[in-house]
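Here's the structure we're looking at; comments come further down.
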There are 2 protein chains.
Amino acid sequence: MSNRIAPLSGYPEYTPAGRIVEQRVVDMLRETFELHGFAPIQTRAVEPLDQLARKGEITKEVYVVRRLHAAEDATDELGLHYDLTVPFARYVLENAGRLAFPFRRYQIQPCWRGERPQEGRYREFWQADIDIVGQGALAPHHDAEVVLVMLEVLERLHDDLGLPSVVMHANNRLLAQGFYGDLGVADPLAVIQAVDKLPKIGPDGVSAMLAALGLSAGQIDAVLALASIATPDEAFIERVRALGVSNETLETGLHELAGLMERVAARFPGRIVADLAIARGLDYYTGSVFEVVMPDYPSLGTIAAGGRYDSLASDGRQTYPGVGISFGITRVLAPLIAKGTLGATRPVPSAVLVAVDAEETRGTADGVAAALRARGVACEVSPNAAAYGKQIRVADRRGIPFVWFGGQSGQVKDIRSGAQVDADAATWEPPAGDARPRVVVA
Amino acid sequence: MSNRIAPLSGYPEYTPAGRIVEQRVVDMLRETFELHGFAPIQTRAVEPLDQLARKGEITKEVYVVRRLHAAEDATDELGLHYDLTVPFARYVLENAGRLAFPFRRYQIQPCWRGERPQEGRYREFWQADIDIVGQGALAPHHDAEVVLVMLEVLERLHDDLGLPSVVMHANNRLLAQGFYGDLGVADPLAVIQAVDKLPKIGPDGVSAMLAALGLSAGQIDAVLALASIATPDEAFIERVRALGVSNETLETGLHELAGLMERVAARFPGRIVADLAIARGLDYYTGSVFEVVMPDYPSLGTIAAGGRYDSLASDGRQTYPGVGISFGITRVLAPLIAKGTLGATRPVPSAVLVAVDAEETRGTADGVAAALRARGVACEVSPNAAAYGKQIRVADRRGIPFVWFGGQSGQVKDIRSGAQVDADAATWEPPAGDARPRVVVA
């Protein structure tokens, strides 16, 4: 095989210790989602290119996939999915007859985007999505449900694995749409997309964008006044009312956001803010919108986001409204693992290295290992029958904490402390903290 | 979003029940590999195109990946990996300074090949690979080790999940090379690759290929005589000796294969055959070669394969010899799931649907659900507050076996039997068999 080594910018890869961190995070996501009744699905990596279009336009970031010698005019062009929403929408339509609605699914897979690589932005990145999708209709209480599930797992990742703590910013599109409508704004979605740029370009930049859209100075002031409202409770309602605007759409938005805040803040106080600057650039959101940040790591940007959509997909007869949130696993983990902030207690599953006296008695060591494994103790047999001191160094180099000497009834040494005790392979167990590699924070 | 539905031939996708089967299989692979001290790694989906070359030639089956508007003459062309060996070889070279050798890793990921789709052949397919790789040298006992680990997990998949039973066919390249060398064959690898075609084109077809390579009728007879030897024990040695050929390479091959057979047959009698027709087409194998089949499902073909290679990779200073086996997860599961041979007891994780009396008391149901989840009971709260009969039908349609009525101290109904009993959300548990969906054989 070739001997060319080619690290690729934007395609993070981990050493085994880093992969162990990622696995634990994925396990915790999966466990929490399943406790809440979300069913697992996986979709293929590719979609027909026209499925990957946004508003009819295929973005430059899409990776096209083609067989090496495919004809230039091949019509079945495929692209790698850039999120898990587009493939999920297609999956729901394709399987609608076999799914029970409301359909609750989680999906944890890599996505690909040909963006310029930078911290938190990768060309290959794992996402974990949950969505609840109805057929024809979906009750509003599911908005708070997906928020609570995502905050629950992010709390667990913080408490149990030491990931940074989070704050969710929530808004409601109806609130902004009603407000902008009352202002007499012609294209509310364009205004929403301009407001979405606030964190990047600031109020002056957004003012200029809004002016270019034809908004008057008074309209621009009102839009920025609305976007400046952020409260950890329902106080946002009074502040919106103080702006002197009122209509039915706005009231519906205020009511939905207040209901969400009440339910979520009761369970996770301090973890949610009603933030009327939250816009989300995507055109398909029609109600609640969410963005999650890690305040201690602002450079990571938005680490999870989502919202309510009236029509995830439509097959012409039925529409499928839903609500969902996507967590950017790689966006969070790749920088923290690369910096050494998150690591594992050891880079191998093995808790024990079983020493070998001589190649002729390797079978004895195999028997000890089999007895340990039968009770769930991960172990490996020494690759050689060198002097014990050398075999201990093998364990040390691999990060394995215990070395076993002798047969089933033998001795086990903790190579960190040097303590060596008699042990029976049919009963001995490592301390719980050493059973498997653990995630540790530097 | 677009409403076009496009199933793609060769890209299998499962319903949630099918994905539950696949998850259980992957969990069991991972658990077994980790018990044996194999560390997890994942590699990116893409490699530089020249890395994907075989003998300098890039096969037509490779999928090229390119940004939509990339320049035609872009030099950083990438392709999707078609196996996990090529990326692993690159990973070892790239990380050699940070890995402890012998390095033991497992890797479970999708691969892509633009083959003509047919049963057991897919364009996107999951593989599970284990390899043990040394730096400079690797002891021969690792050959039997990877075989034992793979057979152990295949036995567990058979015993615990009901997958079909397997038989491994083993051979050794040195045996064939020594034998062919003694026959005076000019290009032993070409002969090995012809013999590899035996199952497909039969002895007559292979004879014709060998004749085209310039072999005499006597040489062809000898090659086919060697390939006809298959014994469940070490009897193959006598049958090879009866062919009247002997040299050092052949003897080494006989000795290595006999050692492997002895160790493996002792642990898994009936699961291994010394089969001198096993060749493997790939040029990088240099000793042991393995192929695993499911005798009750011959149409699935080879479901796992691997062998020993003297040089997985080389960085010019060091070579990295190794031994490994790859299991074709999708090749086995996709046909068995599609036919309904393998399924799950239910398509959702939830064991319980918590009924809602009225939207105003949804909080009570949320509390019951939280109490159940705190003890690991997967559940979901009813999407509506309809009449109890309708909520029971929601559970029935979703395959959820239990419905909870009332508050923390309430009643739980097994909707299959109709039995309803008092229960406390702080203590009640479903029967172990209902806790999570289980894999079932039709």
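If I ask for residues that are among the hydroxyl-bearing types (Ser, Thr, Tyr) and at the interface with chain A (Cβ under 9 Å from one of its Cβ atoms), which ones from segment B:341-361 would you list?
Correct list: B:Ser350 only.
Looking only at segment A:314-324, count every residue that is modelled with pLDDT of 90 or more and not in a loop (DSSP other than H, G, I, E, B) and tell me the total.
Of the residues in segment A:314-324, 4 are modelled with pLDDT of 90 or more and not in a loop (DSSP other than H, G, I, E, B).
Residues of segment B:241-250 being part of a helix (DSSP H, G or I) and loosely packed, with under 15 Cβ neighbours inside 10 Å, which ones?
Across segment B:241-250, the qualifying residues are B:Arg241, B:Glu248.
Name the single residue, out of those in segment B:128-150 being within 16 Å of the chain's Cα centre (by Cα) and under 29 Å from B:Leu80 (Cα atoms), that is nearest to the other protein chains (Cβ to nearest Cβ). Explain how you work it out, then say what you get.
Kept after step one, since they are within 16 Å of the chain's Cα centre (by Cα), are these residues of segment B:128-150: B:128-131, B:146-150.
Among the residues that remain, those that are also under 29 Å from B:Leu80 (Cα atoms) are: B:128-131, B:146-147, B:149-150.
Values: B:Ala128: 15, B:Asp129: 14, B:Ile130: 12, B:Asp131: 13, B:Val146: 12, B:Val147: 13, B:Val149: 10, B:Met150: 15 Å.
So, considering only residues that are within 16 Å of the chain's Cα centre (by Cα) and under 29 Å from B:Leu80 (Cα atoms), the one nearest to the other protein chains (Cβ to nearest Cβ) is B:Val149.
Answer yes if at least one residue in segment A:296-313 is part of a helix (DSSP H, G or I), within 12 Å of another protein chain (Cβ to nearest Cβ) and in contact (Cβ under 8 Å) with a residue 40 or more places away in the chain, and no otherwise. Give the derivation first.
Residues of segment A:296-313 that are part of a helix (DSSP H, G or I), as a first pass: A:298-300.
Those still in the list that are within 12 Å of another protein chain (Cβ to nearest Cβ) too: none.
No: segment A:296-313 contains no residue that is part of a helix (DSSP H, G or I), within 12 Å of another protein chain (Cβ to nearest Cβ) and in contact (Cβ under 8 Å) with a residue 40 or more places away in the chain.
Filter segment A:21-41 down to residues that are more than 9 Å from chain B (Cβ to nearest Cβ) and farther than 21 Å from B:Ala344 by Cα and give me whichever is most open to solvent (accessible area, probe 1.4 Å).
Ranking the qualifying residues of segment A:21-41, first place goes to A:Arg24.
Return only the number of the condition from (1) within 30 Å of A:Leu93 (Cβ to Cβ); (2) surrounded by fewer than 18 Cβ atoms within 10 Å (Cβ to Cβ); (3) under 17 Å from the mean Cα position of the chain (by Cα) that A:Ala190 does not satisfy.
(3)
Conditions tested, residue by residue: (1) under 31 Å from the mean Cα position of the chain (by Cα); (2) modelled with pLDDT under 95; (3) of a type outside the set (S, T, N, Q).
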{"residue": "B:Leu226", "(1), (2), (3)": "yes, no, yes"}
{"residue": "B:Thr231", "(1), (2), (3)": "yes, no, no"}
{"residue": "B:Glu234", "(1), (2), (3)": "yes, yes, yes"}
{"residue": "B:Glu238", "(1), (2), (3)": "no, no, yes"}
{"residue": "B:Gly244", "(1), (2), (3)": "no, yes, yes"}
{"residue": "B:Gly253", "(1), (2), (3)": "yes, no, yes"}
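Residue pairs, Cβ under 7 Å, 6 or more apart or interchain, first in segment A:121-141 and touching a residue at least 40 places away in the same chain (Cβ under 8 Å) and closer than 20 Å to A:Glu152 by Cβ, second open to solvent by less than 40 Å² (accessible area, probe 1.4 Å) and in a loop (DSSP other than H, G, I, E, B). List them.
Going by the 7 Å Cβ cut-off, the qualifying pairs are A:Gln127/A:Asp83; A:Gln127/A:Leu84; A:Asp129/A:Leu84; A:Ile130/A:Phe38; A:Ile132/A:Pro102; A:Ile132/A:Leu138.
For segment A:32-59, which positions are out of contact with any Asp or Glu (no Cβ under 6 Å at 6 or more places or on another chain), aliphatic (A, V, I, L, M) and either at pLDDT below 95 or farther than 20 Å from B:Thr15 by Cβ (or both)?
Within segment A:32-59, A:Leu35, A:Leu52, A:Ala53, A:Ile58 meet the criteria.
Cβ-Cβ below 6 Å, separation at least six or inter-chain, first residue in segment B:362-380 and facing chain A (nearest Cβ under 8 Å) and farther than 16 Å from B:Ser409 by Cβ, second part of a helix (DSSP H, G or I) and of a type outside the set (Ser, Thr, Tyr): which pairs?
Sorted first by the residue in segment B:362-380, then by its partner, the pairs are B:Arg373/A:Leu35; B:Ala378/A:Glu34; B:Ala378/A:Leu35; B:Cys379/B:Ala369; B:Cys379/B:Leu372.
Take the conditions touching a helix residue (DSSP H, G or I) at 6+ places or on another chain (Cβ under 6 Å) and either at negative phi or modelled with pLDDT of 95 or more (or both) and apply them to B:Ala265. Does it pass?
So B:Ala265 fails the test.
Of the residues that sit in segment A:94-112 and are under 24 Å from the mean Cα position of the chain (by Cα) and within 8 Å of chain B (Cβ to nearest Cβ), which one is farthest from B:Ile108 (Cα to Cα)?
Among those that are under 24 Å from the mean Cα position of the chain (by Cα) and within 8 Å of chain B (Cβ to nearest Cβ), it is A:Pro102.
Take A:Asp221 and tell me if it is part of a helix (DSSP H, G or I) and without any contact (Cβ under 8 Å) to a residue 40 or more places away in the chain.
Numbers: part of a helix (DSSP H, G or I): yes; without any contact (Cβ under 8 Å) to a residue 40 or more places away in the chain: yes.
When the stated conditions are applied, A:Asp221 passes them.
Give the residue, chosen from A:Glu77, A:Glu94, that is over 19 Å from B:Val62 (Cα atoms) and either modelled with pLDDT of 95 or more or open to solvent by 40 Å² or more (accessible area, probe 1.4 Å) (or both).
Of A:Glu77, A:Glu94, the one residue that is over 19 Å from B:Val62 (Cα atoms) and either modelled with pLDDT of 95 or more or open to solvent by 40 Å² or more (accessible area, probe 1.4 Å) (or both) is A:Glu94.
Pairs under 6 Å by beta carbon, first residue buried (at least 16 other Cβ atoms within 10 Å of the Cβ) in segment B:399-422, partner among the aromatic types (Phe, Trp, Tyr), six or more apart or different chains?
B:Gly410/B:Trp404; B:Val412/B:Phe402; B:Val412/B:Trp404
Among (1) more than 9 Å from chain A (Cβ to nearest Cβ); (2) over 24 Å from B:Ile272 (Cβ atoms); (3) more than 14 Å from the chain's Cα centre (by Cα), where does B:Phe125 come up short?
(3)
Test of understanding: among A:Glu291, A:Glu238, A:Glu234, which residue is among the acidic types (Asp, Glu) and assigned to a helix (DSSP H, G or I)?
Result: A:Glu238 is the single residue among A:Glu291, A:Glu238, A:Glu234 that is among the acidic types (Asp, Glu) and assigned to a helix (DSSP H, G or I).
Which one of the conditions (1) touching a Phe, Trp or Tyr at 6+ places or on another chain (Cβ under 8 Å); (2) open to solvent by less than 20 Å² (accessible area, probe 1.4 Å); (3) outside any strand (DSSP E or B) does B:Ile130 fail to meet, given that it meets all the rest?
Result: B:Ile130 fails condition (3) only.
Having 3 or more residues that are more than 24 Å from A:Glu145 (Cα to Cα) is the bar; report the helices (runs of 4 or more DSSP H) wholly within segment B:325-442 that clear it.
Of the helices (runs of 4 or more DSSP H) lying wholly inside segment B:325-442, those with at least 3 residues that are more than 24 Å from A:Glu145 (Cα to Cα) span B:329-338, B:432-435.
B:Ala258 fails exactly one of the following numbered conditions: (1) open to solvent by 30 Å² or more (accessible area, probe 1.4 Å); (2) part of a helix (DSSP H, G or I). What is the number of that condition?
Failed condition: (1).
The values are calculated or read from the model by the stated rules, or taken from the named source; none is laboratory data. None of the values given here were measured: they were computed from a predicted structure. Don't worry about glycine lacking a Cβ; one is built from the backbone with ideal geometry, like all the others, and counts go over all protein chains shown. Surface areas here come from the heavy atoms of the whole protein model, side chains and all, with no ligands, DNA or RNA. Shrake-Rupley method; radii C 1.70, N 1.55, O 1.52, S 1.80 Å.
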